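What follows is one structure encoded as structure tokens, with my remarks underneath.
The values are calculated or read from the model by the stated rules, or taken from the named source; none is laboratory data. Note that the structure is a prediction, hence the values are computed from the model and not measured. No Cβ is skipped: glycine too gets one built from the backbone with ideal geometry, and neighbour counts run over all protein chains shown.
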Amino acid sequence: MAGMEQLNTKHILKFWLPLAGTWLMMSMEGPFIAAIIARLVDPKYNLAAYGVAFSFALIVEAPVIMIMTASTSLVNDFGSMKKLRQYTWMLNAIITAVMLILIIPQVFFFITLDLIGLPENVAKLTHVATIIMLPWPGAIGFRRFYQGVLIRNQATRRVAYGTVIRLLSMSSTALGLFLFTKLPGVYIGTAALSVGVTMEALSTRVMVHSILKRLNATHVSKPKADALDFKIINKFYFPLALTSMLTLGVHPLITFFIGKSHMALESLAVLPVVSSFVFLFRGVGLSFQEAAITLLGVNKENDRIVYRFATILGIILASGLIITAVTPLSNLWFSKVSGLSSELTGLALTPLLIMGLFPASTVLIAMQRAILVKAGRTRYITTATIIEVLTIIAVLYFSIIHLSAIGVTAAASAFLTGRLAANSYFQFKISSTKYSK
């Protein structure tokens with residue numbers, strides 16, 4: 001599509017809206033599960049355990065998060081699909097092994113009790129919840145690989161259909177366990193997540209079958225020099241995987257610093273609720289990355305319309321979050337929808353306002369990454385992530401250790417400052433970047 005016809009806003013919307021819908025639907029998972037946990041016994045402890053368990057799962061899955069970007073960019077025939085699929089299977093095996101090591105009691109409680117300093121009851125809840133999340137990382141790698149193939153072949157609606165199946169599976173599991181069992185809230189939440197993403201992975205594989213069949217039917221063996229191999233994949237993908245690992249690997253450090261902060265337990269309980277609400281807005285921005293990779297023209301013929309679309313999108317998303325933060329809508333969301341106590345609702349309002357610009361910075365970084373991926377300059381993405389992570393750690397350290405800030409407020413400030421630092425670095429690199437064919 002890109003490079004073959006002049007784009008307009010209608011074309012972009014038609015291609016991107018299913019992806020935006022996918023991310024928006026995924027964004028609803030966090031608030032939904034947090035709302036259920038908040039309505040069960042000991043919500044403060046269970047919300048804190050859920051936030052930590054989910055952070056562990058995100059860290060373990062980090063190496064496969066960018067597989068969708070890789071398959072969108074690299075899978076152009078059956079041979080390249082098979083080679084990248086083998087690569088994905090190897091990554092899935094590694095991260096599942098890491099998850100198994102993590103849940104060994106001696107390892108897990110050393111991390112959560114000795115290093116992070118969680119209360120013992122929260123650590124025990126987190127351990128079982130992490131065991132329940134065991135299928136999560138591998139299922140993520142499986143479905144993101146095939147979603148990239150769907151996007152590459154203009155089948156973005158099928159990606160959205162898979163997410164509908166995920167949400168239905170997740171919500172029915174959560175509601176069933178909520179209504180008919182007396183399990184702790186964190187167990188219900190993590191079980192719902194695992195079931196949902198597993199069903200999405202399986203349904204995505206079914207929906208990609210016709211495309212794989214067509215690729216196989218038109219398969220022509222390439223000369224060895226032109227074929228995709230592990231060396232080419234590694235060169236392209238390693239910086240992307242490292243980016244994800246750095247981005248998500250900072251979560252244990254955030255948990256560590258919050259554990260040392262003022263109002264530590266309350267902050268651990270509130271952070272996943274605030275983060276999941278902000279993700280409703282920034283997730284839509286993240287969805288534009290794969291669309292931009294596909295739509296940007298080889299000779300920059302589509303750049304202006306794509307940039308203009310991204311600018312308008314960022315303004316709309318940031319405005320929506322800021323308006324929510326400064327009006328009674330925020331109090332309504334946290335107290336009535338999320339079910340937080342008045343104490344925790346009050347604690348959530350300031351970090352929400354601090355994160356007001358985060359959706360706009362997310363759209364910007366999605367565009368910046370797309371340009372660099374299109375150019376094959378993925379190493380710059382890793383450098384930007386290092387800058388972002390170091391900035392987050394520096395802000396957390398200074399605000400919590402030296403200013404005695406409330407943990408969740410310090411975390412929100414660190415997230416925004418780190419992202420803006422990464423945006424700034426990218427601006428120095430983008431101007432001289434040319435697309436690689």
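Any idea which residue in segment 311-357 is nearest to Leu24 (Cα to Cα), counting only those that are crowded, with 19+ Cβ neighbours inside 10 Å and in contact with a strand residue (DSSP E or B) (Cβ under 9 Å, 6 or more places away or on another chain)? Ranking the qualifying residues of segment 311-357, first place goes to Pro351. Looking across segment 321-352, the residues that are among the hydroxyl-bearing types (Ser, Thr, Tyr), closer than 25 Å to Leu40 by Cα and assigned to a helix (DSSP H, G or I) come down to Ser330, Ser335, Ser342, Thr345.
Can you tell me which residue within segment 358-379, out of those that are surrounded by fewer than 21 Cβ atoms within 10 Å (Cβ to Cβ) and not hydrophobic (A, V, I, L, M, F, W, C), is farthest from Ser261 (Cα to Cα)? Ranking the qualifying residues of segment 358-379, first place goes to Gly376. Of all residues in segment 151-160, those satisfying the criterion of being in a helix (DSSP H, G or I) and either over 19 Å from the mean Cα position of the chain (by Cα) or at pLDDT 95 or above (or both) are Arg152, Arg157, Arg158.
Yes/no matrix, rows are residues, columns are (1) modelled with pLDDT of 90 or more; (2) under 25 Å from Phe428 (Cα atoms); (3) out of contact with any Ser or Thr (no Cβ under 9 Å at 6 or more places or on another chain):
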{"residue": "Phe309", "(1), (2), (3)": "yes, yes, no"}
{"residue": "Ile323", "(1), (2), (3)": "yes, no, yes"}
{"residue": "Leu329", "(1), (2), (3)": "yes, no, yes"}
{"residue": "Ser341", "(1), (2), (3)": "no, no, no"}
{"residue": "Ile354", "(1), (2), (3)": "yes, no, no"}
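In segment 372-387, the residues that are modelled with pLDDT of 85 or more reach residues that are β-branched (Val, Ile, Thr) and assigned to a helix (DSSP H, G or I) with C-beta atoms within less than 7 angstrom, at least six apart or across chains, in these pairs: Leu372/Thr378; Leu372/Ile381; Ile381/Thr243; Thr382/Thr243; Thr385/Thr243; Thr385/Thr247. For the criterion of being within 30 Å of Ala155 (Cβ to Cβ), in contact with a Leu (Cβ under 9 Å, 6 or more places away or on another chain), not hydroxyl-bearing (Ser, Thr, Tyr) and not in a helix (DSSP H, G or I), Glu290 fails.
Applying the criterion of at least 1 residues that are among the acidic types (Asp, Glu) and farther than 30 Å from Arg214 by Cβ to the helices (runs of 4 or more DSSP H) found wholly in segment 23-128 leaves 29-38. Looking only at residues of segment 223-235 that are in contact with a helix residue (DSSP H, G or I) (Cβ under 7 Å, 6 or more places away or on another chain) and surrounded by fewer than 20 Cβ atoms within 10 Å (Cβ to Cβ), we find that the one that is farthest from Met90 (Cα to Cα) is Ala227. Quick one: in segment 184-219, of everything that is modelled with pLDDT under 95 and outside any helix (DSSP H, G or I), which residue is surrounded by the fewest Cβ atoms within 10 Å (Cβ to Cβ)? Checking each candidate, the answer is Thr218.
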